[in-house]
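What follows is a set of notes on a single structure, which appears directly below.
The values are calculated or read from the model by the stated rules, or taken from the named source; none is laboratory data. Everything numeric in this text was worked out from a predicted model, so none of it was measured. Cβ sites come from the backbone with ideal geometry, for glycine too, and all protein chains shown count toward neighbours.
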Amino acid sequence: MRRLAVVVALTLVGLPSLAGVTEYSVQDIAGWERERFKGETTYEVDGEGLKARCGNSASGLFLRQTIDLRATPIVEWSWRVEHVYDGTVDEKTKGGDDFPARLYVVKDGGIAVWRTRAINYVWASKMPVGADWPNPFASQAHMVALRSGPPAAPGAWVHERRNIREDFKRFHGRDLETIDAVAIMSDCDNRGGTAEAWYGPVRFLSE
């Protein structure tokens, strides 16, 4: 599956900027635009959060919105996974480019699609925490492993906090004032497996 589609599909014109603190509930996220690449990962709100069920599929939920990184450079969210994938497959290859949970942030290149850039925060199966590498389908998207391996305990939620502006400087060499989209995705199409993950609210903060 060509992950380049994730990057270049997010073409945006003239959407309003966010200011202050903005929170998207799991109900909000469930209403984001669906983007299908192979089959369909299902997303539904349950008693714990937004549950993703992946079965040889890859599809995500996208918010196409200009986000002002001068006002809200920080993104926070929580997530958990039921299990991870077989750790024998190299996640830096196309065959291993599946993750039970991901969150994207995207800067759209407009008609110059080659200028589009994305950071893809993932829950890895094998790559160690802190590892980063170019996406094997599209080098414009950079992968960052925030978690690795199975959860510490069944049902354990973990909290993430990233400075998006600093991460774009580090991984893409760009000091951005805005990004244009945020997305979540659970995918298992390259391995032909299954996965279950849960996502909590996503927040954009000043600090």
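Just one of the listed residues (PRO128, PRO134) is farther than 18 Å from GLN65 by Cα and either modelled with pLDDT under 95 or under 15 Å from the mean Cα position of the chain (by Cα) (or both), and it is PRO134.
Can you name every one of the strands (runs of 3 or more DSSP E) wholly within the range 51-129 that holds 3 or more residues which are in contact with a strand residue (DSSP E or B) (Cβ under 8 Å, 6 or more places away or on another chain) and under 20 Å from SER148 (Cβ atoms)? Give the steps one after another, and end with the answer.
On the way: elements: 58-68, 74-81, 101-107, 117-124.
Those strands (runs of 3 or more DSSP E) span 74-81, 101-107, 117-124.
Restricting attention to the range 32-48, does a residue exist that is in a strand (DSSP E or B), of a type in the set (Lys, Arg) and without any contact (Cβ under 8 Å) to a residue 24 or more places away in the chain? Among the residues of the range 32-48, at least one is in a strand (DSSP E or B), of a type in the set (Lys, Arg) and without any contact (Cβ under 8 Å) to a residue 24 or more places away in the chain, which makes the answer yes.
Quick grid of which residues meet (1) surrounded by 12 or more Cβ atoms within 10 Å (Cβ to Cβ); (2) over 16 Å from the mean Cα position of the chain (by Cα); (3) of a type in the set (A, V, I, L, M):
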{"site": "ALA138", "(1), (2), (3)": "yes, no, yes"}
{"site": "ALA141", "(1), (2), (3)": "yes, no, yes"}
{"site": "VAL144", "(1), (2), (3)": "yes, no, yes"}
{"site": "ARG147", "(1), (2), (3)": "yes, no, no"}
{"site": "ALA153", "(1), (2), (3)": "no, yes, yes"}
{"site": "ALA156", "(1), (2), (3)": "no, yes, yes"}
{"site": "GLU166", "(1), (2), (3)": "yes, yes, no"}
{"site": "LYS169", "(1), (2), (3)": "yes, yes, no"}
{"site": "ILE179", "(1), (2), (3)": "yes, no, yes"}
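Among the conditions (1) at pLDDT below 95; (2) within 16 Å of the chain's Cα centre (by Cα), GLY193 misses just one, which is (2). A search for C-beta distances below 7 Å between a residue of the range 127-142 that is closer than 15 Å to GLY96 by Cβ and any residue that is surrounded by fewer than 17 Cβ atoms within 10 Å (Cβ to Cβ) and of a type in the set (S, T, N, Q), counting only pairs 6+ apart in sequence or on different chains, returns PRO136/THR93.
Checking each residue in the range 126-172 for being hydrophobic (A, V, I, L, M, F, W, C) and in contact with a helix residue (DSSP H, G or I) (Cβ under 6 Å, 6 or more places away or on another chain) picks out PHE137, ALA138, ALA141.
Quick grid of which residues meet (1) in contact (Cβ under 8 Å) with a residue 60 or more places away in the chain; (2) more than 27 Å from LYS94 (Cα to Cα):
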| site | (1), (2) |
| --- | --- |
| ARG161 | yes, yes |
| ILE164 | yes, no |
| PHE168 | yes, no |
| GLY173 | no, no |
| ILE179 | yes, no |
| ARG191 | yes, no |
| ALA197 | yes, no |
| PRO201 | yes, yes |
| PHE204 | yes, yes |
